[in-house]
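The structure appears below as C-alpha cells.
The values are calculated or read from the model by the stated rules, or taken from the named source; none is laboratory data. These figures come from a predicted structure and were not determined experimentally. In this analysis, Cβ positions are derived from the backbone assuming ideal geometry, glycine residues included, and neighbour counts consider all displayed protein chains. All accessible areas refer to the heavy atoms of the entire protein, side chains included, with ligands and DNA or RNA removed. Shrake-Rupley method; radii C 1.70, N 1.55, O 1.52, S 1.80 Å.
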Amino acid sequence: MKAKAATILIVDDERNIHYSFEKLLSPNYNLLSAHSAAEGIKILQSKQPDVIVMDIQMPGMSGLDALKKMQEIDARVPVVMMTAFGTMATAIKAMKYGAYEYLLKPPDVNRLRKIIEKAYQTSDRMRRQVHVAPGAPNEKDGSGDVIIGASEAMQEVYKLIGQVAAQDVTVLIRGESGTGKELVARAIYQHSKRSKKPFLEVNCAALPENLLESELFGYEKGAFTGAMQRHIGKFEQVHNGTLFLDEIGEMSLPTQAKILRVIQQGEFSRVGGNETIRSDVRLLCATNRNLEEAIKTGQFREDLYYRLNVITIQLPKLQERKEDIPVLVSYFINRYSRESGKNIEGIDATVLKTLQESPWPGNVRQLENCIRRAVVLAKGTTIVSDDLELENALGEISQSTNQEDEDALDKILDNILNGKSNINLWSVTEKKLITKALEKTGGNQVRAAKLLGIHRNTLRNRIEKYGLGGRFTQN
C-alpha cells in the first residue's frame, strides 16, 4: 500500500504562483489553493494540511497577520513564508511569529523542494500519534507509530512516560541506538500540556560544533563569515513548544554551557550578540552515551548532567526483553505486509525461536529491518528460515566482531551485495573503518576523526560502543 501523499496549502493572491507550484510539486503532493489569507485560514480549519506555503504581501489581511491566526488554530502545521519584497525585519518577524522558514520570490526550486519535504517530516512527527501497545497492536489502518512490549522493563518505561509527560520538566532518555528513544520523546510531547504547540528535533551529532550552536541559538548579522543577516535559532523559534535534542552527549562543552543557562534561567544570547533572549521551551534530551564516563574524561559538564538527570527514562536493550520479540515480530510482519501488498500470515515457530535467542546488537531497529526484508523476499504466506538467512548472518556478526579478519569481512560484504545476508552492514564496516583510521594515525583521535570526516566526540562515542578503548590510548 502506497503511503498517503502530503497535503500542501498554497496561499497567494497571484494565480501564476499556484500554477508554478502545480508544475513543481505535482504529483508528489496533494495541493490546496487559497487566493487570500482569509481563505487560507478557512482551509486550514477544514482540511488540515500538512504544510502551508504563504505569501506575505496580499490584499486585505497580510500573510504575517494570517500566520498569527494560524498559529492559534494549529501551531503544529509548519508555515513557509514567501515574499518578493523581503527585508531583514520582515524575516525576523515571520520567524518570531512561528514561521518554519522564510523564502524570497522567486525561490530556488531545489531549496524550495527540500524545505517543503523537511517541513512535512517535521509536521508528520508532531501529529503522527505514538501509541503504547503492551500486547499485539492493531495494525490494520497503519495510523501512528507504536511502542511495543509487555516486559517488566517496558512497563516501567510506560509508567515513567505517564508520570513525566504532563509535568513540564526536562527529561533525559537513555538507551542504545535502535531502542526507540525518539518514539519515547514524541510520546512524552503528545501527552504533555504543550501537545498543541510545535515540536522540533535537532540531532546534535549530525552538525559540526559551530553550526549546532547557530542552529540552536541563532546568530547576529556579521557574527561570522557568511552571516549576512540575523538568524532565528530553534530555541527562539519553538517558544512555548518542545525541543528534542537527540545525541546530546556529542555536544561540545561551550554549547553545553549555553544549554545549562537555558535550563537554569530560561534565557540565552544569539551567536555574536549581547541581547538576552528569554524563551519558554520544554527540553527533551536523548543519548546512547555513557555520560558518567564522559564526565570523568572531561567531555561532559557535571552540572549539566545533574540538571538533565533529574528525570531519566532508561530504555532496555532488546536482548534484555526477549519475551517481547514475538509481539514485535507479529507487528512488523503485519505492518510491512500491508505496505508491500503481500499476505504474510505469520512466521515459522522454529525461526521465531531463533529470533528470540539472537543477540540483536542493533536492538529493535535491527529486528525491524530483518523482518521487513523477510516480508519482501518471502515466497509463501509464512516466513521461513530461507527468507531470513538468519543463522548465517548471526555467524558473520560474531565472526566480524571477535576478530579483525580481512577475509571474513570480504565474505560478509560479498554475501550482503549478493542479497544473501541480513546483517547490519553499517555496524560491521563502521568498526572496521574506525579501527583502520586509528591504526593509521597511531591512535590520535583528532587526526582519526578528521580522516573519517566526523566530530571527535562522535569518534569517542564509537570507540566506546565497539570496545576499542583498550587498544588505542587517547591522544
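Please state the shape class of the stretch 1-66: rounded when a/c is under 1.5, otherwise prolate if a/b exceeds b/c and oblate if not, all from the C-alpha gyration tensor. Oblate is the answer for the stretch 1-66, as a/c is 1.5 or above yet b/c matches or exceeds a/b.
A simple charge model with +1 on the Cβ of Lys and Arg, -1 on the Cβ of Asp and Glu and nothing else charged puts the dipole of the stretch 100-219 at about 500 debye relative to its Cα centre.
Look at where the Cα atoms of the stretch 53-107 and of the stretch 259-287 average out, and the two centres are 24 Å apart.
Per-residue ellipticity at 222 nm computed for the chain from its helices equals -14500 deg cm²/dmol, with DSSP H segments shorter than 4 residues left out and the rest contributing -39,500 (n - 2.57). Expressed to the nearest 5 percent, the antiparallel share of DSSP beta bridges inside the chain is 5 percent. Non-local lysine pairs in the stretch 248-403, meaning eight or more places apart or on different chains, with alpha-carbon distances under 28 Å, amount to 9.
Placing E152, E22 in order of accessible area, with the largest value first and a 1.4 Å probe, yields E152, E22.
Against the chain, whose longest principal axis is taken from its Cα atoms, helix 390-402 shows a tilt of about 90°. Within the assembled protein chains, the solvent-accessible surface assigned to Y189 is about 0 Å², based on a 1.4 Å probe.
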